[in-house]
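Encoded as structure tokens, the structure appears first; notes follow it.
The values are calculated or read from the model by the stated rules, or taken from the named source; none is laboratory data. As the structure is a prediction and not an experimental result, all values here were calculated from the model. Don't worry about glycine lacking a Cβ; one is built from the backbone with ideal geometry, like all the others, and counts go over all protein chains shown.
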């Protein structure tokens, strides 16, 4: 009887290992100190697509340009990466890119390489259709900068002057302050029209309407780097312990706002970023 119980538990653990990310399905692209990795969900098995071991190169903060094609930032440059061919192409200066497909424009922070004033922060926008026109969207001085978050087909939001989140309208070229202060925008919860914020002072995660009203998120995260409207879930990284696998390390997790359930999607390394795609390489 004891032997049957042990075998049943072993089979259960094995099934959990193979399909540990269910009910999340698709492709999780992860960038960490090891390189660029592809995780096929709900299996948590990972394939290393680009290795950076033994080099000083680090990829991060991917944004989807077309299905299966991403733009990453390296230390001070932007690179385009095709998941199918695994080809990397340099696309110019910049860090922390965000592509807005409805307007065919790429937002990014200006590279600070060689800058004599390290507190200078500059947000730029570059057209990816037709001539590669580029212009400055915002300029301010601060120790902080945030991800540039798309909040509508025509607007993005980012941390800016006066410790405030600013909104930029693409069609009108208008930059305006929101009611959100002390927030590093991480993602946009499109179902409710709220920013997923990280507090500047205590690093806690919370939801914020652009008018300023806030609501805490019951997760402890090192960094949130995405939101899936299909699952109504925030994707984030943190130190994590799996007691039944006797594993401790950094993991990428998904927190579902509807059932408040947390699911581990993959093991990773500190400082990881990533993006959740469907099986055809489109964003979930």
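Values for this structure:
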read-out: Only one of 100, 91 that is at pLDDT 95 or above and over 29 Å from residue 262 (Cβ atoms); value: 100
read-out: Among the candidates 187, 138, 157, residue that is in contact with a helix residue (DSSP H, G or I) (Cβ under 9 Å, 6 or more places away or on another chain), modelled with pLDDT of 95 or more and closer than 19 Å to residue 95 by Cα; value: 138
read-out: Answer residue from segment 103-119, given it is assigned to a loop (DSSP other than H, G, I, E, B) and within 20 Å of the chain's Cα centre (by Cα) and is modelled with the lowest pLDDT among those; value: 111
read-out: For residue 145: the one exception among (1) surrounded by fewer than 15 Cβ atoms within 10 Å (Cβ to Cβ); (2) assigned to a loop (DSSP other than H, G, I, E, B); value: (1)
read-out: Tally, over segment 106-123, of residues that are crowded, with 20+ Cβ neighbours inside 10 Å and under 28 Å from residue 282 (Cα atoms); value: 5
read-out: Which numbered condition residue 122 misses (of (1) in a strand (DSSP E or B); (2) closer than 21 Å to residue 229 by Cα); value: (2)
read-out: Matching option when the condition is modelled with pLDDT of 90 or more and over 16 Å from residue 88 (Cβ atoms), among 22, 47, 10; value: 47
read-out: Those strands (runs of 3 or more DSSP E) lying entirely in segment 26-88 with at least 1 residues touching a residue at least 40 places away in the same chain (Cβ under 8 Å) and crowded, with 17+ Cβ neighbours inside 10 Å; value: 26-32, 35-41, 60-66, 69-73, 77-82
read-out: Filter result for the condition that a residue is surrounded by 12 or more Cβ atoms within 10 Å (Cβ to Cβ), out of contact with any helix residue (DSSP H, G or I) (no Cβ under 7 Å at 6 or more places or on another chain) and at pLDDT 90 or above, over 222, 255, 240; value: 255
read-out: Qualifying positions in segment 169-195 - part of a strand (DSSP E or B) and more than 21 Å from residue 283 (Cβ to Cβ); value: 169, 174, 175, 176, 177, 178, 179, 180, 181, 183, 184
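To keep it simple, each residue is scored yes or no on (1) within 15 Å of the chain's Cα centre (by Cα); (2) in a strand (DSSP E or B).
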| residue | (1), (2) |
| --- | --- |
| 206 | no, yes |
| 210 | no, no |
| 226 | yes, yes |
| 237 | yes, yes |
| 250 | no, yes |
| 265 | yes, yes |
| 279 | no, no |
